[in-house]
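This report refers to the structure that appears directly beneath it.
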Amino acid sequence: MSTPTLFDLDHTDRPPLHIVSWGAGGESSAYLTEVLTEPDKHGVNPSNIVVLHAVVGSEFDDTLRDSQRFILPLLRDRGVRLVQLARRGPLERDGIEILDDTTTPRVMHHKGPWTLAQHNEANGITPQLSDRKCSLRFKGFVLDRFILTEFPGREYTHVIGYNRDERSRAEKDDVYATQTRDPVHPLIEWNWFIRALWSCLD
């Protein structure tokens, strides 16, 4: 019989994490509001939730203000871990910066060491809604790097807040499922759409 390694011991019998990618927009904020208001209904243990927010540096002031007013108190009340992350520089080898990592969050960070605006200026480009490259560079890379570094080998459910009209994006995300990553899109399962969700934050 082989002797368990330290890696095996670290992950044996541990339930999958419930990682939420929170963009501070209506969809992902509505999901957090629903699940943290009625965690038992959704079979989610708040102590097992990790909320990740990639700080791009281009969020509207009112978006960050509303997030501080409505969502951060929910996270504090439930003791949910919030990690705010950003790129450290223009190259992937520059790594990522952890701006805040706490279960008692009070401030939404406006920007990190390297922002989307700096990237655009350095490359002489303007943002385009149809181009997802910036999203991958400033969100996907940052979140994936943190997860791989912080939770190596740990199974997790990855919640993405696509709404019912974004099924094609969800299908593309499903392609990135792995042995440890189980992507889920609850708003699609609930048939929720952004215009019907603002009341959750009133």
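Details
- Candidate lysines - alpha carbon under 27 Å from K139, same-chain residues fewer than 8 apart omitted: K111, K172
- Residues D62, D144, sorted so that the one with the fewest Cβ neighbours within 10 Å comes first: D62, D144
- Note on L148 and E38: the extension gain reaches 36.7 nm, defined as 0.36 nm multiplied by sequence separation minus the Cα-Cα distance.
- In this Cβ point-charge picture (+1 for Lys and Arg, -1 for Asp and Glu), region 18-201 has a dipole of about 240 debye about its Cα centre.
- Rounded to the nearest 20 debye, the dipole size of region 17-115 about its Cα centre is 220 debye, using +1 on the Cβ of Lys and Arg and -1 on the Cβ of Asp and Glu.
- For region 18-201, the fraction of alpha-carbon pairs lying more than 26 Å apart is 28 percent, rounded to a whole number.
Quick note: the coordinates plus some simple rules give every number you see, no bench work behind them. If you're wondering where the values come from, they're calculated on a predicted model, not measured in any experiment. We place every Cβ from the backbone using ideal geometry, glycine too, and count neighbours over all the protein chains shown.
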